[in-house]
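The values are calculated or read from the model by the stated rules, or taken from the named source; none is laboratory data. Since the structure is predicted, the reported quantities are computational estimates derived from the model, not experimental observations. Cβ coordinates were reconstructed from backbone atoms using ideal geometry, including for glycine residues, and neighbour counts include every protein chain displayed.
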Amino acid sequence: MKRVVAVDLGGTKVAAAALHDRDLGPSTMHPTDLSSRDALLAQLVDLVREVRGLGELDAVGIGVPSVVEFETGRVVSSVNIPLADVPLREVLGEQLGAPVFVDNDATVAALAEAHDESLRLVARNLVMLTVGTGVGGGIVIGGRIYRGCTGGAGELGHTIVAVDPTGAVPEPGRFPQPGSLEAVASGHALDHLAQAAAAEAPDSELASLPDGTRAVLGADAVRAAHDGDPVALRTVERWAEHVGIGVANAINTFDPDEVVIGGGAALAGELLLEPAQRVAHQYAVPGLGSSTRIRLARHGVRAGVLGAALLAVHELEDAASPAPALVPPAGEGAIG
């Protein structure tokens, strides 16, 4: 029976749990040490050792909020944690004496959502949108993570959903690009919508929530909408409709079994889900999406460690049964 340790590394907390056979133990959680690269690496090593338990450690899976070169386990770029350009697989593997598999946190969360709590595969083809401060994504095809040729597939927040068709294509700027899904459907986008709505309706419950001490935020809009404030309800609905455009794009591109919406946005519940479902079905190509289930994420804060555990298990399985090498067609070969 395999024993792996799963690590979910975030900008504010790091959680880990041990998986023995199909039994994922309780998560151990600590604030993320962001003081330096070396301090964070030491924290990860200590955390794995803390939760591994008795017996041989077969592998470690770790999800990080970063662009990852999966084949080498190198963190290509990272905004919120000090691990940019760190060969994380190599560094942790040397210190822990076990294989380490590193992937993007949204990607491993998508893998978790394709499975139930008992690690049984329940959706072979799944797309996940993680809607929080930004918009990320993960893709599962045939029960396995789809990474693309560089390992970075799934950046669904950077798909362009709004460009003026009468003008020239605008010059690209900083990410998120204007007109991208992240620009119109992220948590920051809801903040802006809430602030504009509060300014237009100063007598609304939404406008009164911050008591003048701070700007209105998207979380205020969700809270007021749950209380029935009509201004907040329309604000959240408009934002959720933008999320629905992203869901429609996922359906039109992948025709998946499920599209899952996760991240902090899932706290909006049906206020998010119903408009997103409605718009997604309106914008899906006829014939697509009729069998696609659109739902909120089921695993919550547990998704990161569950997905990291599955990542390690799948990679161990693939290593035991390696795929056959690709052979070029007759008459074709490498150039140079």
## Note on the structure
A careful count of residues in the stretch 92-109 that are more than 8 Å from the chain's Cα centre (by Cα) and either outside the structural domain of Gly61 (by TED's automatic domain parsing) or not hydrophobic (A, V, I, L, M, F, W, C) (or both) gives 6
### Task
For the stretch 169-176, state whether one or more residues are closer than 23 Å to Pro65 by Cβ, modelled with pLDDT of 85 or more and either surrounded by fewer than 21 Cβ atoms within 10 Å (Cβ to Cβ) or not assigned by TED's automatic domain parsing to the domain that holds Glu274 (or both).
no
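Yes or no, residue by residue, for (1) within 19 Å of Val301 (Cβ to Cβ); (2) touching a helix residue (DSSP H, G or I) at 6+ places or on another chain (Cβ under 6 Å); (3) in a loop (DSSP other than H, G, I, E, B):
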{"site": "Ala6", "(1), (2), (3)": "yes, yes, no"}
{"site": "Ala15", "(1), (2), (3)": "yes, yes, no"}
{"site": "Pro26", "(1), (2), (3)": "yes, no, yes"}
{"site": "Ser35", "(1), (2), (3)": "no, no, yes"}
{"site": "Ala39", "(1), (2), (3)": "no, no, no"}
{"site": "Val45", "(1), (2), (3)": "no, yes, no"}
### Query
Just wondering, is there one or more residues in the stretch 56-77 that are out of contact with any strand residue (DSSP E or B) (no Cβ under 9 Å at 6 or more places or on another chain) and closer than 25 Å to Thr133 by Cβ?
no
## Note on the structure
Of the listed residues (Asp203, Asp220), the one being over 22 Å from Gln277 (Cα atoms), of a type in the set (Asp, Glu) and surrounded by 20 or more Cβ atoms within 10 Å (Cβ to Cβ) is Asp220
### Message
Condition first: hydrophobic (A, V, I, L, M, F, W, C) and either at pLDDT below 90 or in contact with a His (Cβ under 6 Å, 6 or more places away or on another chain) (or both). Now tell me which residues in the stretch 277-302 satisfy that.
### Response
Leu288, Val301
### Message
If a residue must be out of contact with any helix residue (DSSP H, G or I) (no Cβ under 7 Å at 6 or more places or on another chain) and in contact (Cβ under 8 Å) with a residue 60 or more places away in the chain, how many such residues does the stretch 80-102 contain?
### Response
1
### Task
Exactly one condition in (1) part of a loop (DSSP other than H, G, I, E, B); (2) over 29 Å from Val75 (Cβ atoms) is not met by Ala198; state its number.
(1)
### Task
Kindly indicate which of Glu50, Glu71, Glu56 is in a helix (DSSP H, G or I) and of a type in the set (D, E, K, R).
Glu50
### Task
Return the residue satisfying two criteria in turn: it lies in the stretch 61-74 and is crowded, with 24+ Cβ neighbours inside 10 Å and hydrophobic (A, V, I, L, M, F, W, C), and of such residues it is modelled with the highest pLDDT.
Ile62
### Query
Among the residues of the stretch 107-146, which ones are assigned to a loop (DSSP other than H, G, I, E, B) and touching a helix residue (DSSP H, G or I) at 6+ places or on another chain (Cβ under 7 Å)?
Leu119, Asn125, Gly132, Thr133, Gly134
### Residue identified as without any contact (Cβ under 8 Å) to a residue 24 or more places away in the chain, among the polar types (S, T, N, Q) and assigned by TED's automatic domain parsing to the domain that holds Gly304 among Ser27, Ser77
Ser77
### Query
Can you pull out the residues in the stretch 286-315 that are surrounded by fewer than 16 Cβ atoms within 10 Å (Cβ to Cβ), polar (S, T, N, Q) and within 16 Å of Val122 (Cα to Cα)?
Ser291
### Checklist (1) within 21 Å of the chain's Cα centre (by Cα); (2) surrounded by fewer than 16 Cβ atoms within 10 Å (Cβ to Cβ) applied to Gly55, failing item
(1)
